[in-house]
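Peer 1: Pasting in a structure now, in structure tokens, and then I'll have a few things to ask.
Readers should treat all values here as calculations from the given coordinates under stated rules, not as data from a laboratory. The structure presented is a predicted model; accordingly, all values stated were derived computationally and were not measured. With ideal geometry, Cβ positions are generated from the backbone for all residues, glycine too; neighbour counts draw on all protein chains shown.
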Amino acid sequence: MNTTQQTLLPVYDHRPGTGPTLVFLHYWGGSARSWDLVVDRLAGRDVLTVDFRGWSRSSALPGPFTLGQLADDTLAVLADAGVSDYVMVGHSMGGKVAQLVAATRPAGLRGLVLVGSGPAKPAAQVTAEYREALSHAYDSAESVAGARDHVLTATELPAPVKAQIVTDSRTVTDAARAEWPLRGIAQDITEHTRMVNVPALVVAGEHDQVEPVGVLRDNLVPYLSQADFVVVPRTGHLIPLEAPADLVDTITAFEPVASPAPRPDDGRCP
């Protein structure tokens, strides 16, 4: 971890290596270590993982915990770490944050990998009643375990990973935990997603109950100007934990397609 981080900057880990840097943004309920099984398979790569504001090692940071704030934090972390050539990989809530970051057309961004991402246009199932129920999914270790085993996953996970999911989902401030289900998940960001000007890969889990294949195909892909779509078989919503090897293969296969975003001052960006 970079030990020179500013006081109000989210905690992040930057492992130097070959580039472009892979920047990983975690799901609602996760942390930087949600990507460990993926990062461990990327030996020698330049990798950056973040604990979002309010979560895990960043739980002491004050709000707001909005998607916009998390996007601003991500840009600040990239600047602090000196990352200038990168691909962003966002999972679920992190995917929606990644769309907002990419909409600013930052210099050096080569592409996006959106894994079981929150779609640009909220799904029809995201009603007020749905959001209220979702806001209580992590109220206790027991409720987290229930969501993990019956909603979030479609495969059996090793015991240490199952325990990690419970711990991460509970290591969060109340306000940060409530922000996504009560507000962020229902935020329509289609105008932002349409501004993304780099190649994107949308990755869906075959049996994902949270962001189903059809929702990502209909509510996310059409708003990206350069999007490919792939379905990871036999997996649920927690693709980085359920199928890390498949995800690594998917990311590395996508990378050669991606090219650096033009700088704002080169005449090609508004």
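Peer 1: Within segment 27-60, restricting attention to residues that are part of a helix (DSSP H, G or I) and β-branched (Val, Ile, Thr), which residue is surrounded by the most Cβ atoms within 10 Å (Cβ to Cβ)?
Peer 2: If we take residues in segment 27-60 being part of a helix (DSSP H, G or I) and β-branched (Val, Ile, Thr), then Val38 is surrounded by the most Cβ atoms within 10 Å (Cβ to Cβ).
Peer 1: Could you say which residue among Glu156, Glu191, Glu211, Glu206 is touching a strand residue (DSSP E or B) at 6+ places or on another chain (Cβ under 6 Å) and more than 21 Å from Arg57 (Cα to Cα)? So that I can check it myself, show each step before the final result.
Peer 2: Working: Glu156 fails: touching a strand residue (DSSP E or B) at 6+ places or on another chain (Cβ under 6 Å); Glu191 fails: touching a strand residue (DSSP E or B) at 6+ places or on another chain (Cβ under 6 Å); Glu211 fails: touching a strand residue (DSSP E or B) at 6+ places or on another chain (Cβ under 6 Å).
Going through Glu156, Glu191, Glu211, Glu206 in turn, just one is touching a strand residue (DSSP E or B) at 6+ places or on another chain (Cβ under 6 Å) and more than 21 Å from Arg57 (Cα to Cα): Glu206.
Peer 1: Do the conditions hold for Arg105, that is, is it assigned to a strand (DSSP E or B), out of contact with any helix residue (DSSP H, G or I) (no Cβ under 7 Å at 6 or more places or on another chain) and more than 23 Å from Val166 (Cβ to Cβ)? If you could, list the steps in order and put the result at the bottom.
Peer 2: Working: assigned to a strand (DSSP E or B): no; out of contact with any helix residue (DSSP H, G or I) (no Cβ under 7 Å at 6 or more places or on another chain): yes; more than 23 Å from Val166 (Cβ to Cβ): yes.
No, not satisfied.
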